[in-house]
Amino acid sequence: MGAIYLLEGVVRNYDWGGHSFLPHLLRIDNTAKKPFAEYWMGTHSQGMAHIVDQKGNRITLHELGVSLPYLLKVLDVKEMLSIQVHPTREAAIREFALENRVGISLDSPTRNYKDQNHKPELMVALGPFWLLHGFKPADQLKTIFETIPEFSPLKNIWESEGNQVLYQLVMEMPQQDVNGMLDPLLSRLQQEDASAPFTKDNPAFWALRAAQLYGNKGNIDRGIFSIYFFNLVSMKEGEAIFQDAGIPHAYLEGQNVEIMANSDNVLRGGLTSKHIDVTALLKHTRCVGIRPEVMRISDSNGAPAWFSTPVDDFKLGQLFMRKHEKYQLQGMGPLILLLLKGSVELAWSSSLATLKQGQLAAFWDGEGTLHLQADQDTTLFLATSAIHRGE
Ligand SMILES: [Zn+2]
């Protein structure tokens, strides 16, 4: 298929999404004020991208026989998302078969494993972005226990038994005890916040926001413990972070471009009204303390910079082009281009197209050279499962 396909993804209107970022990017009218949470670009059954042919027909990638190993997304996180962990591929295969055997249907709200794949994720911040990512290193957890008096009943357990036992304890604690520990904490934080408001680099800011969003019927969400136990990470535009199997994480606020293996396997650990399976969660959570590795790419001088990850399901790159600048890409494997800003002319054998803000182009065929020329200063994301060589 020696042609450039202009692609359209699928908007997901989850209620945690913002109202203007994605409508602006995609140039969609949102006078109805719907939340635009995610824009999916891939071949996932819950959100299949399509092309529009010369006659105006919409043809899904599925109908074209295209199946991508990755799913590319743009997210606008206005309200924090659930704390979650994703299984390894081996665990997903095993547990998917097990849930089939015991007869939990695929669309059941208590079904944990929707497919047999892992779901490593790489995200690039499009502006200031806040998230939780993995357990804090021991020295930082020690500080938490020294400065949060309401957690003092947990301190000895953590010191003698470590992160895993601590986490199991708070995740399995009766709701009454969760309320008993978090209620005094939240009351104190509310008072302090009233006299001097907390800033976003303080877990207290997010604990108060979580209590406001998820406190249903006096039952305080136990995810608030994790806000203190996990690394609170602040990212700037262009910075990236990789979330491997077992790393607990939660997006708190901001916009990003995210790429992941094509899977829906999510185990939740709080800040949600959805199903939480504590046994399954604990089985897959890596409780060891980590220091988050935030990756930065410097100005790539007109060549794509690829973010490095240990997985082969996807590669994500960013290409900045100045006005009139040219670039050539040698294709290998399915490639999606997402234009975030600017405008670029594309040429591939005899096929020509102009890509503008919020638009996508796709290439399946490994043969040939893709020519790009920027009409304006342009920012592009490249998603693929193989590195594309430049010339
Ligand atoms: Zn995730």
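The values are calculated or read from the model by the stated rules, or taken from the named source; none is laboratory data. The structure displayed is predicted, hence computed values, not measured ones. Backbone-built Cβ (ideal geometry, glycine too); neighbour counts: all protein chains shown.
Structure notes:
- One residue stands out among those in the stretch 250-300 that are within 16 Å of the ligand (Cβ to nearest atom) and basic (Lys, Arg): the one that is surrounded by the most Cβ atoms within 10 Å (Cβ to Cβ), which is ARG268.
- From the list SER108, SER152, SER160, the lone residue that is in a loop (DSSP other than H, G, I, E, B) and over 29 Å from PHE381 (Cα atoms) is SER108.
- The stretch 131-143, residues that are within 15 Å of the ligand (Cβ to nearest atom) and hydrophobic (A, V, I, L, M, F, W, C): LEU131, LEU132
- Strands (runs of 3 or more DSSP E) contained entirely in the stretch 306-348, each with at least 3 residues that are over 16 Å from LEU6 (Cα atoms): 315-321, 326-330
- Selected residue (only one of GLY289, GLY317 is of a type outside the set (S, T, N, Q) and under 21 Å from MET41 (Cα atoms)): GLY317
- Among the residues of the stretch 120-130, those that are hydrophobic (A, V, I, L, M, F, W, C) and within 16 Å of the ligand (Cβ to nearest atom) comprise LEU122, MET123, VAL124, ALA125, PHE129, TRP130.
- Being under 29 Å from the mean Cα position of the chain (by Cα), of a type outside the set (A, V, I, L, M), surrounded by 13 or more Cβ atoms within 10 Å (Cβ to Cβ) and not assigned by TED's automatic domain parsing to the domain that holds GLN84 is a description that applies to PHE205.
- So PRO109, is it out of contact with any strand residue (DSSP E or B) (no Cβ under 9 Å at 6 or more places or on another chain) and touching a residue at least 24 places away in the same chain (Cβ under 8 Å): yes
- The stretch 52-82, residues that are within 16 Å of the ligand (Cβ to nearest atom), assigned to a loop (DSSP other than H, G, I, E, B) and within 15 Å of ASP264 (Cβ to Cβ): LEU81, SER82
- Pairs with Cβ under 8 Å, 6+ apart, first in the stretch 42-69 and at pLDDT below 85, second hydrophobic (A, V, I, L, M, F, W, C) and surrounded by 11 or more Cβ atoms within 10 Å (Cβ to Cβ): GLN46/TRP40; VAL52/LEU6; VAL52/ILE59; ASP53/ILE59
- The residue that is farthest from LYS155 (Cα to Cα), counting only those in the stretch 216-240 that are within 16 Å of the ligand (Cβ to nearest atom) and touching a strand residue (DSSP E or B) at 6+ places or on another chain (Cβ under 6 Å), is ALA240.
- Of all residues in the stretch 83-105, exactly one satisfies the criterion of being assigned to a loop (DSSP other than H, G, I, E, B), polar (S, T, N, Q) and either within 16 Å of the ligand (Cβ to nearest atom) or touching a Cys at 6+ places or on another chain (Cβ under 6 Å) (or both), namely THR88.
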